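Single-structure report; data block below.
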Amino acid sequence: MYQVQRESQSSWVPLRGCRYHVRQWGTPTPGATPLVLAHGWMDVAASWQFMVDAFSEAFVSQRPIIAMDWRGYGLTEAPATDSYWFPDYLADLDALLDQLYPGRPIDLVGHSMGGNVVMMYAGSRPERIRRLVNLEGFGMPATRPAQAPGRMGQWLDELKAQREGANDLKAYADAAGVAARLMKTNRRLGADKANWLAQHWAQPGNDGQWRILGDAAHKVINPYLFHVDEALEIYRRIAAPVLAVEASDDSLGMWWKGKYTLAEFHERLKAVPVLEEALIQDAGHMLHHDQPQLLAAMIEKFIR
């Protein structure tokens, strides 16, 4: 089992109808700029533990470091809904910062879906962000208006499937089964980290079966199309310096099979006013699991 170097403390914050779970590491210096970590789709706040452990003591002692479970993930409540809306993540983040750090600028890191959220948030609330780190938050492929009817119909079909239980997440006999699933998904994830992460990524139910701490309704698509031109306008309003980090494995190419490429993503990033780009070798999409030491050092250097 992975041995945690820095234990987190949990707290719960009422936010927009949800009871939000927040982890905090360290005993920060009063007045220091907070570092907020936003996890990705079907992940949890505890996923950042390996990276937080890799930060230097000087870095951790100087600032609050927090990570929240998004609505319907981890220990945060799932709202009464059959689908999730992307703008709600921005609204939840805004409300959380208003409660915890009113009027204070923050440093913000997001991975994958969380990376998409923080990019949109930083362009919508530019005054709130001091430094921004986007870990493989690529956005979505470009769409055409002609796709709108089919997309809306697909959403309706998926809502029906959700009501019928077709999206229910697989149950596992024990935590070892969850750990095996994590290692199957990520070939670089060692058994020690997988066994630790499984305890936070899933929990046993009344029947003894372990279930992922993610609402199945997250699997339902958004009914509205992703508009690249709108995203670029938001990117252009980002005032903070941005560090965009990619893994050496081309996750985008594997997901979209040429429908959306890294070259297109890099072209979009040109809209960001102040940008640094970095690559982490020998890492896949879960780069904060694969190379936490390299990533931690990179973030420390950028945030300063």
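The values are calculated or read from the model by the stated rules, or taken from the named source; none is laboratory data. Everything numeric here is computed off the predicted structure, so don't read it as measured data. So basically every Cβ, Gly included, is an ideal-geometry build from the backbone, and we count neighbours across all protein chains shown. Heavy atoms of the whole protein, side chains included, go into the accessibility calculation; ligands, DNA and RNA do not. Shrake-Rupley method; radii C 1.70, N 1.55, O 1.52, S 1.80 Å.
Here are a few things to note about the model shown:
- Pair list, Cβ under 8 Å, 6 or more apart: region 155-173 residue farther than 20 Å from ALA202 by Cα and open to solvent by 30 Å² or more (accessible area, probe 1.4 Å), other residue charged (D, E, K, R) and part of a loop (DSSP other than H, G, I, E, B): GLN162/ASP82; ARG163/ASP82
- Test: residue in region 221-235 that is modelled with pLDDT of 95 or more, more than 30 Å from THR261 (Cβ to Cβ) and crowded, with 18+ Cβ neighbours inside 10 Å: no
- For region 19-63, taking the residues that are polar (S, T, N, Q) and either open to solvent by less than 10 Å² (accessible area, probe 1.4 Å) or touching a residue at least 60 places away in the same chain (Cβ under 8 Å) (or both), the one that is farthest from ALA78 (Cα to Cα) is identified as SER56.
- Region 91-102 residues that are farther than 13 Å from HIS21 by Cα, paired with ones that are in a helix (DSSP H, G or I) (beta carbon under 7 Å, 6 or more apart): LEU97/ARG128
- Scanning region 68-103 for residues that are crowded, with 21+ Cβ neighbours inside 10 Å and in contact with a Ser or Thr (Cβ under 8 Å, 6 or more places away or on another chain) returns MET68, ASP69, TRP70.
- For region 244-292, taking the residues that are under 24 Å from ASP192 (Cβ atoms) and without any contact (Cβ under 8 Å) to a residue 60 or more places away in the chain, the one that is farthest from the chain's Cα centre (by Cα) is identified as GLN281.
- Just one residue in the set GLU57, GLU77 is at pLDDT below 95 and within 27 Å of GLY190 (Cβ to Cβ); that residue is GLU57.
- Spans of helices (runs of 4 or more DSSP H) in region 136-252 with at least 3 residues over 20 Å from HIS289 (Cα atoms), touching a Gly at 6+ places or on another chain (Cβ under 8 Å) and of a type outside the set (S, T, N, Q): 228-236
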